[in-house]
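Remarks on the structure that follows.
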Amino acid sequence: MIDTTPRPWMTGDAADLFEMATDFFDREIPANRAKWEAQHQVDRDFWLKCGELGLLCASVPAEYGGGGGSFLHQATIQEAYARLGDRSWGNSMHSGVVADYIHEYGTEEQRRRWLPKMATGELIGALAMTEPSAGSDLKAIRTRAVRTDQGWRVSGSKIFITNGGSADLVVVACSTDPSKGAKGISLIVVETRDAAGFTRGQPLEKIGQHGADTNELFFDDVLVPEENLLGAEGGGFAMMMHRLPQERLIVGITAVAATELALAVTTDYVKNREAFGGTLMDKQHIRFELAECATLATVARTFLNECMATHLSTGLDLTTSAMCKWWLTDVQCQVIDKCLQLHGGYGYMTEYTIARLYADARAQRIYGGTNEIQKELIARSL
């Protein structure tokens, strides 16, 4: 019952891309999910396969090895993947965030140096913003980068980093001038291979998203070439704020896909589960609960489609992206919770899709800026 219908915003070749990506993910994800969850990481071979198919860096121009498309194509791939309910693969960070940062703010040398290998899967990217003492409040970061004659010296730690265990490139948010606050934050790209002073913690044990590669990263006086500064010194905070609407839209895509999957598997379950002389679907209370879930899922999809159309035409503004992020992830958690309840005891068993969806959903309201922060941003616009 998993939806394979292209979305209305999938225009032109995006519909063909959706079909190809759907076929690939339908084969690969179920076959590998258990392995990825056990090892807390997606195999590099999977990244390389995705690179061969053009599923990485779809919005990066072909001259840099990418797919030559736009965010439309990146969103299409995210839809095809998210509809299966898996949260292991960190491509939304790799292609949807890091590659876009490098393409938009990088020098020509940086683009040609990193993007082609990101497009093949030879290099995996991560963005390191969150710290043990600084989450949604990015201005409070303590990781320092000091300019020296040899280059930048980076010291500090980052936590909850997507792709942290396998990343070859880490875009690190650093304070290069603490006296300037937000205007003293810069982005510096750390190439992790053979980087003296760079270490990774053990994979973080999370409530859900067990296959996702999430780590703490440590930078102990790591020497980084001066040319690895991304964009202008002191421009990091502005760059991160500029990219946040698209990041939040990606979170929204994942939320709606999970909501629709929860509704689909639950509808199937109650139609087949017998109790008190009939199926659960025969009971009015069950039908009413599903009617509420179906309405929320439909409204969520409609809102997401509108946000996508706006972003693809004029760009999504900060306020609407905040609405998109908090409301869609809240609806995701509401619907999945109701659907799990309708499964009874089986809903608490990890072999059931609804249990995985439930565990995976909770982080959606935290990362990308907590939902409380999103509401604050909306309130400031009123």
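The values are calculated or read from the model by the stated rules, or taken from the named source; none is laboratory data. Small disclaimer: the values here were computed from a predicted structure and weren't measured. Quick reminder, even Gly has a Cβ in these numbers, built from the backbone with ideal geometry, and neighbours come from all protein chains shown. In case anyone asks, the SASA skips ligands and DNA or RNA and just uses the protein heavy atoms, side chains included. Shrake-Rupley method; radii C 1.70, N 1.55, O 1.52, S 1.80 Å.
The table below lists the values:
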read-out: Verdict on residue 161 being outside any helix (DSSP H, G or I), among the β-branched types (Val, Ile, Thr), surrounded by fewer than 23 Cβ atoms within 10 Å (Cβ to Cβ) and in contact (Cβ under 8 Å) with a residue 12 or more places away in the chain; value: no
read-out: Lone qualifier among 189, 146, 154, 170 - being hydrophobic (A, V, I, L, M, F, W, C) and within 26 Å of residue 36 (Cα to Cα); value: 170
read-out: Check on residue 316, open to solvent by less than 70 Å² (accessible area, probe 1.4 Å), touching a residue at least 24 places away in the same chain (Cβ under 8 Å), on the phi < 0 side of the Ramachandran plot and not in a helix (DSSP H, G or I); value: yes
read-out: Selected residue [of a type outside the set (A, V, I, L, M) and free of Cβ contacts under 8 Å to residues at least 40 places away in the same chain] from 368, 277; value: 277
read-out: Residue match in region 23-31 (condition: closer than 17 Å to residue 122 by Cβ, aromatic (Phe, Trp, Tyr) and open to solvent by less than 10 Å² (accessible area, probe 1.4 Å)); value: no
read-out: Matching residues, region 116-138, being open to solvent by 30 Å² or more (accessible area, probe 1.4 Å), among the charged types (D, E, K, R) and modelled with pLDDT under 95; value: 137
read-out: Test: residue in region 197-209 that is in contact with a Ser or Thr (Cβ under 9 Å, 6 or more places away or on another chain), of a type in the set (Lys, Arg) and without any contact (Cβ under 8 Å) to a residue 40 or more places away in the chain; value: yes
read-out: From the options 270, 251, residue that is of a type in the set (Val, Ile, Thr), over 18 Å from residue 82 (Cβ atoms) and either in a loop (DSSP other than H, G, I, E, B) or in contact with a Ser or Thr (Cβ under 8 Å, 6 or more places away or on another chain) (or both); value: 270
read-out: Subset of region 139-153 [part of a helix (DSSP H, G or I) and either exposed (fewer than 12 other Cβ atoms within 10 Å of the Cβ) or in contact (Cβ under 8 Å) with a residue 12 or more places away in the chain (or both)]; value: 139
read-out: Whichever residue in region 335-359 is of a type outside the set (Phe, Trp, Tyr), over 18 Å from residue 272 (Cα atoms) and in contact (Cβ under 8 Å) with a residue 40 or more places away in the chain and, among such residues, is most open to solvent (accessible area, probe 1.4 Å); value: 356
read-out: Residue match in region 177-188 (condition: open to solvent by 10 Å² or more (accessible area, probe 1.4 Å) and either at pLDDT 95 or above or in a strand (DSSP E or B) (or both)); value: no
read-out: Verdict on residue 93 being open to solvent by 10 Å² or more (accessible area, probe 1.4 Å), part of a helix (DSSP H, G or I), in contact with a strand residue (DSSP E or B) (Cβ under 9 Å, 6 or more places away or on another chain) and not hydroxyl-bearing (Ser, Thr, Tyr); value: yes
read-out: Flag for residue 291 being free of Cβ contacts under 8 Å to residues at least 24 places away in the same chain, part of a helix (DSSP H, G or I), among the small types (Gly, Ala, Ser) and open to solvent by less than 90 Å² (accessible area, probe 1.4 Å); value: yes
read-out: Checklist (1) assigned to a helix (DSSP H, G or I); (2) within 14 Å of the chain's Cα centre (by Cα); (3) not polar (S, T, N, Q) applied to residue 56, failing item; value: (1)
read-out: Every residue from region 360-382 that is closer than 25 Å to residue 265 by Cα and open to solvent by less than 30 Å² (accessible area, probe 1.4 Å); value: 360, 361, 364
